[in-house]
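Values quoted throughout were computed directly from the atomic coordinates according to the rules given, and no laboratory measurement underlies them. Worth saying up front: this structure is predicted, and the values here are computed from it rather than measured. Glycine also receives a Cβ, built like all others from the backbone with ideal geometry; neighbour counts cover every protein chain displayed.
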Amino acid sequence: SQKIEQNSEALNIQEGKTATLTCNYTNYSPAYLQWYRQDPGRGPVFLLLIRENEKEKRKERLKVTFDTTLKQSLFHITASQPADSATYLCALLTGGGNKLTFGTGTQLKVEL
Amino acid sequence: GAVVSQHPSWVICKSGTSVKIECRSLDFQATTMFWYRQFPKQSLMLMATSNEGSKATYEQGVEKDKFLINHASLTLSTLTVTSAHPEDSSFYICSARDYEQYFGPGTRLTVT
C-alpha cells in the first residue's frame, strides 16, 4: 500500500540547534516533494519544493534533501528559534500529478 | 503571494442541519480547487477535487451526497455538509491552484 510517513513523536530541541525532520514514502514515484508548515488551527503554508532530479534545496535557514533511491526526504532548520515551533508536513504530488497527498506530520517544539 | 480565504472560520451547528463553507481565491483564478478534512493530530485527507463548471471528483470513502461541492466560478468553491452529525466535526481546509497550490486558513466545524 502507499504510505507517506513522518516521525509521529514530537521533536523537542533547544534554540540554536538544527532540527532534522524525516519523510519516508513507499509505493510512490513522485516527480517532486513539498514541505509545509502548519500552526494550530490554521491551514498549511508552503515552504519548499524539491524535484526528483534535485538532491538538495535551500531557502534561508531551511534545507531539504531528496533521495529517490531511499525514498526519503530530510528537512533541516538551522539555528532554530522558538518561532519555528509548529507541525511540519511533507506532501507528494500523486494521482497522475493532480493531487497533493500529505504525510502524517511532525510537531516541532523549539525551547529556550 | 496568492491568498485563499475561507468563510466562516468556525461554525457550530446542530445535528441534522446543513452548513455551507465558502472558499475564495482572492487575487488569482483557480483552475482547480481541493477540499481537505483534518481530524485532531492527524494529517490532511483529501476529500474531493473540483474544476470550475464541472462535477467534483470525490476520493474513495467520501460520500458525495453528504458533502456537496459547487465550483461555480474560477474564484469560488463551496462545500455543503448536509444533515451534519457529530462525527462530521472536523477542520475543513480548501486549496486553490493555478500554477501552484495555495491553502486557505481552514474552517472549524463543530456539530452538537
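For region A:43-60, indicate whether the set of residues that are within 14 Å of chain B (Cβ to nearest Cβ), within 21 Å of B:GLU100 (Cα to Cα) and over 14 Å from the mean Cα position of the chain (by Cα) is non-empty.
yes
For region B:88-112, enumerate the residues that are among the acidic types (Asp, Glu) and within 13 Å of chain A (Cβ to nearest Cβ).
Scanning region B:88-112 gives a single hit, B:GLU100.
So which strands (runs of 3 or more DSSP E) are wholly in region A:55-96 and hold at least 3 residues that are in contact with a Leu (Cβ under 7 Å, 6 or more places away or on another chain) and surrounded by 12 or more Cβ atoms within 10 Å (Cβ to Cβ)?
A:62-67, A:72-77, A:86-94
Taking only region B:2-32 into account, find how many residues are closer than 27 Å to A:LEU92 by Cβ, in a strand (DSSP E or B) and among the β-branched types (Val, Ile, Thr).
Going through region B:2-32 one residue at a time, the tally reaches 3.
Please go through region B:56-74 and pick out each residue that is over 14 Å from the mean Cα position of the chain (by Cα) and surrounded by fewer than 16 Cβ atoms within 10 Å (Cβ to Cβ).
B:GLN60, B:GLY61, B:ASP65, B:SER73
Across region B:33-87, what is the total count of residues that are within 14 Å of chain A (Cβ to nearest Cβ), assigned to a loop (DSSP other than H, G, I, E, B) and of a type outside the set (A, V, I, L, M, F, W, C)?
Here the count works out to 7.
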